[in-house]
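The values are calculated or read from the model by the stated rules, or taken from the named source; none is laboratory data. The model shown is predicted, which means the values in this text are computed figures rather than measured ones. Glycine also receives a Cβ, built like all others from the backbone with ideal geometry; neighbour counts cover every protein chain displayed.
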Amino acid sequence: MAGAIIENMSTKKLVIVGVILLLFQAFSFMVGGLIAPSPTTAIHYMATKCVDNVKSHYMSKKWFMPWGPNHCDKVRDFDEATAKKIEANNIVFAVHIPMPNKEMSPWFQFMLVILQFDIAFKMYNQIEDGAVVTVDVGLAYRDDSLGEWTEMAHSIEQRKLSCNFTTPKTIDNEGRYYECDLMPLMELGCVFHKYYLLNIRLPVSDHKKVNRGIGEIKDIRLVGIHQNGGFTKVWFAMKTFLTPSILIIMIWYWRRITMMSRPPVLLEKVIFALGISMTFINIPVEWFSVGFEWTWMLLFGDIRQGIFYAMLLSFWIIFCGEHLMDQMERNRFSVYWKQVGPIVFGSFCLFIFDMCERGVQLTNPFYSIWASDVGTELAMAFIIVAGICACLYFLFLCFMVFQVFRNISGKRTSLPAMTKARRLHYEGLIFRFKFLMLVTLACAAMTVIFFIISQVNEGHWHWGDYTVQVNSAFFTGIYGMWNLYVFALMFLYAPSHKRYGDEQSSGDQVGNSGEDIQLTTTITHVDGPTEVYKMMRKEAQE
Amino acid sequence: MDASQSLRFILTITLLACSSQRPAHANSWWSLAMNPIQRPEMYIIGAQPLCSQLTGLSQGQRKLCQLYQDHMVYIGEGAKTGIKECQYQFRQRRWNCSTVDNTSVFGRVMQIGSRETAFTYAISAAGVVNAISRACREGELSTCGCSRAARPRDLPRDWLWGGCGDNVNYGYRFAREFVDAREREKNYPRGSTEHARTLMNLQNNEAGRMAVYNLANVACKCHGVSGSCSLKTCWLQLADFRRVGEFLKEKYDSAAAMRIGRRGKLELVNNRFNPPTAEDLAYIDPSPDYCLRNESTGSLGTQGRLCNKTSEGMDGCELMCCGRGYDQFKTYKHERCHCKFHWCCYVKCKRCTSLVDQFVCK
């Protein structure tokens, strides 16, 4: 009978494959660490305070430019505005993205804008508890530096102010700033235009209680975050290279399975599905975002990643289940509903959450689910449910792994008493399981370690003359790693047509078939090698 | 003041009296804070006049002015915020950082390498870093923004490759070039008192700049899949300038007394203390007596200063008036009151008047 390639491979060949994979792994880390710049950049903008002289400001459809030939009437600070008897409703905060003499580019992929207020403490004008800022914000774009601005979005949004004042609230500390949390302002899924302009107003109305008790605002600062063009290029190149690699091994794998005399078993199908979801992530559709204004790319990317994670988690469960060795017939997806259920449900929750946030942002880039109380509760509910599902899943997984190890140790003791074929079968199963267990743990540990490193440190490491971009290395390295994982899985766990111990191969097929049927685990059925198989296997190994 | 200190004090005074003939010290770039600088838009091409009009610039600073004309407004603004903050921090002290005239700004007190001088140099350098970084963020400077580091060569569009926006770094570097230019171009013999003063100024300028840099805190934002933290972007955020002022005030209280060593470097007067780091303030002369008006030291004295009768601190009448006593009188204080405050700007208020007691040093 035949097992997977990994069982029949000589140790030498296995080591060679391992070394090649490790080399690719190191390469993928280096691509990110040495070639690519950091994945994202944050750029500060200080809003210019423009004066809108038109009395009824809701009527004016004018755009206010902070600098340049048609710049607005500016005030440097609000003391100047007070002196000129300008009221709060006539102040427009204008921010031009990017800085002068620069242009945005589709290579930036996305743009996130964060809002920050500088609020000075004043004894008689303090921030009230639970203060909410109402911002009337408009976004416009243009593609040549002298053209007309075209409105992209306009919205009246509310954001909760959470500020604290660390020093005692005495008259002596007047003029110090509150420490305020960052507030998300806007998220664009595609930076298709060259110039963007944000006009922000903070309309005041005493009888409607709009923007009351928000303290004395001194400045508005924005932070624009976008992906670096260089990183995007490296990322695209990597995807473009990985897509055909995974695709080819996938086709090879599936052909090998279909050429067998038996129908594919569940585990083989799951591995194939994992390959498909990996390819789905890999396909570099992002190239289109350079030429088309596809704002849904961010959402699409999230969905693709979600599908892959769900698939990977399901694969681990099914792999464990199929190696349980407890003489139970599984090989059906429905057996695993208990374990796969939480994955599906958790992913679905996250999908709904993502649709509520990024989905709505397709129409209104200023929308944030966290801005309203109901939204916050809803979002928290989704995330908590997803978290519970994740915990449940890991409990199941740990339990299953424990069961497998218990069965393994049980089988170990009875191994010498078995017939040769049966022993080899179990040894193969144990080896396959342990190997994947080891590789998976290594990959997961790498992911976690790199994730922690990228969270703890900010930016890059200097190493002599070289600057290593840790965050970029993390992204390319981990992405490369999971690709290699899927690649190795499809290559090593493809059914082999080499028989156990070629010298006795002629006899055991008939002699042990009765026993084989009892061994209802993954690759139970007998399939004789053909010339085609042999050739293909050689090709694949070379 | 014990005997040895007063002896040293007299020595310093005589030394200063000898050196005070040099007019070069009279002008300072601080004067940019006092005279309004016309915006560079006014001069379109060949803007030579701006830089030659500005008094108080040294040769190197004038060169920098010609290269970076648009920066000058912000240097002036930085100096102004520095001076304002200095006045706030020292509002209750005998020396209250008051400005004297438009050219030398603080007068002759700055010719003494005292603690107060150390603080003034530091806070004004800090003001420049702050103002330049801020102007950078407002997009007002033409040369600011893109860091040239960490990007492969031959890539034409560094904006695309790495992005721009490290403005604190830019502010720090420019302030170092500009503020230190004055000290670096002087060539005093090693070990001379002027050399000691140059070293002191450099130390304090650096301490001021580092204060802004070190107090800038890192803010981060997570923006990965579904808002998870798989992707995190961090940036430096400047602290409120009041905090910089307070930080430097603490450094002022713990400033190190230095003298010029044999090898032409500053060394501690008292070896028991730790040597100052780049973030610490250093001074070489004891402070003059700020109680009485003194033409030769430039001290304005505390006569006519408001004091607090009940306080026992430096702002209390006892200490502030140096035991000379105080006058009491009543004045009307006008205030805006019963306002309906908005987040900014013009609001309608009532005017309230109250009668308050005030105390003034004799």
The correct count of residues that are away from every other protein chain (no Cβ under 11 Å) and at pLDDT below 85 in the range A:31-61 is 9
Among the residues of the range B:185-215, which ones are of a type in the set (Gly, Ala, Ser) and either modelled with pLDDT of 90 or more or under 16 Å from the mean Cα position of the chain (by Cα) (or both)? B:Ala196, B:Ala207, B:Gly208, B:Ala211
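One line per residue, one yes/no per condition, for (1) in contact with a Cys (Cβ under 8 Å, 6 or more places away or on another chain); (2) of a type in the set (Gly, Ala, Ser); (3) touching a residue at least 60 places away in the same chain (Cβ under 8 Å):
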{"residue": "B:Asp280", "(1), (2), (3)": "no, no, yes"}
{"residue": "B:Ser287", "(1), (2), (3)": "no, yes, yes"}
{"residue": "B:Gly298", "(1), (2), (3)": "no, yes, yes"}
{"residue": "B:Cys307", "(1), (2), (3)": "yes, no, no"}
{"residue": "B:Cys317", "(1), (2), (3)": "yes, no, no"}
{"residue": "B:Thr331", "(1), (2), (3)": "no, no, no"}
{"residue": "B:Thr353", "(1), (2), (3)": "no, no, no"}
Out of (1) away from every other protein chain (no Cβ under 14 Å); (2) surrounded by fewer than 19 Cβ atoms within 10 Å (Cβ to Cβ); (3) touching a residue at least 40 places away in the same chain (Cβ under 8 Å); (4) not charged (D, E, K, R), the odd one out for A:Gly359 is which? (1)
Quick check: is even one residue across the range B:341-354 away from every other protein chain (no Cβ under 14 Å) and either more than 28 Å from A:Gly215 (Cα to Cα) or touching a Lys or Arg at 6+ places or on another chain (Cβ under 6 Å) (or both)? yes
Condition first: in a loop (DSSP other than H, G, I, E, B) and small (Gly, Ala, Ser). Now tell me which residues in the range A:358-412 satisfy that. A:Ser368, A:Ser372
Look through A:Asn211, A:Asn173, A:Asn228 and report the one residue that is surrounded by 14 or more Cβ atoms within 10 Å (Cβ to Cβ) and at positive phi. A:Asn211
Which condition breaks for B:Asn271 when tested against (1) more than 14 Å from chain A (Cβ to nearest Cβ); (2) within 30 Å of B:Val356 (Cα to Cα); (3) not charged (D, E, K, R)? (2)
Being farther than 30 Å from B:Cys349 by Cα and within 14 Å of chain B (Cβ to nearest Cβ) is true for just one of A:Ser28, A:Ser105. Which residue is that? A:Ser105
Sole miss for B:Gly304 among (1) in a loop (DSSP other than H, G, I, E, B); (2) loosely packed, with under 13 Cβ neighbours inside 10 Å; (3) in contact with a strand residue (DSSP E or B) (Cβ under 9 Å, 6 or more places away or on another chain); (4) within 14 Å of chain A (Cβ to nearest Cβ) is condition (4)
Enumerated helices (runs of 4 or more DSSP H) restricted to the range A:223-338, each holding at least 3 residues that are of a type outside the set (Lys, Arg) and closer than 23 Å to A:Ala494 by Cβ: A:229-258, A:266-282, A:297-322
I'm trying to understand the selection: among the residues of the range B:139-184, which are among the acidic types (Asp, Glu), more than 22 Å from B:Ser58 (Cα to Cα) and either modelled with pLDDT under 75 or surrounded by fewer than 20 Cβ atoms within 10 Å (Cβ to Cβ) (or both)? B:Asp154, B:Asp158, B:Asp166
Regarding A:Leu112, is this residue more than 30 Å from A:Asn173 (Cβ to Cβ) and either away from every other protein chain (no Cβ under 14 Å) or of a type in the set (Ser, Thr, Tyr) (or both)? no
Condition broken by B:Cys321, with the remaining ones in (1) at pLDDT below 85; (2) away from chain A (no Cβ under 14 Å) satisfied: (1)
Subset of the range A:187-224 [at the interface with chain B (Cβ under 8 Å from one of its Cβ atoms), touching a Cys at 6+ places or on another chain (Cβ under 9 Å) and under 30 Å from B:Val225 (Cα atoms)]: none
When you go through A:Phe351, A:Phe308, A:Phe315 one by one, which is the residue that is within 14 Å of chain B (Cβ to nearest Cβ) and either in contact with a Cys (Cβ under 7 Å, 6 or more places away or on another chain) or closer than 30 Å to A:Leu429 by Cα (or both)? A:Phe308
Just to check your reading of the model, which residue among A:Met355, A:Met400 is over 26 Å from the mean Cα position of the chain (by Cα) and assigned by TED's automatic domain parsing to the domain that holds A:Leu424? A:Met400
Of everything in the range A:358-389, what is within 21 Å of the chain's Cα centre (by Cα) and either among the charged types (D, E, K, R) or at positive phi (or both)? Give them in sequence order. A:Arg358
For the range A:470-484, give me the residue count where each residue is buried (at least 21 other Cβ atoms within 10 Å of the Cβ) and among the aromatic types (Phe, Trp, Tyr). 2
Which one of these is out of contact with any helix residue (DSSP H, G or I) (no Cβ under 9 Å at 6 or more places or on another chain), charged (D, E, K, R) and more than 14 Å from every other protein chain (Cβ to nearest Cβ): A:Lys84, A:Lys12? A:Lys12
I want to confirm something. Restricting to the range A:64-81 and keeping residues that are under 30 Å from A:Gln227 (Cβ atoms) and surrounded by 21 or more Cβ atoms within 10 Å (Cβ to Cβ), which single residue is farthest from the other protein chains (Cβ to nearest Cβ)? A:Phe64
Go through the residues of the range B:240-253 one by one and say whether even a single one is in a loop (DSSP other than H, G, I, E, B) and either of a type in the set (A, V, I, L, M) or buried (at least 20 other Cβ atoms within 10 Å of the Cβ) (or both). no
So, in the range B:184-237, how many residues would count as being part of a strand (DSSP E or B) and either farther than 30 Å from A:His226 by Cα or hydroxyl-bearing (Ser, Thr, Tyr) (or both)? 1
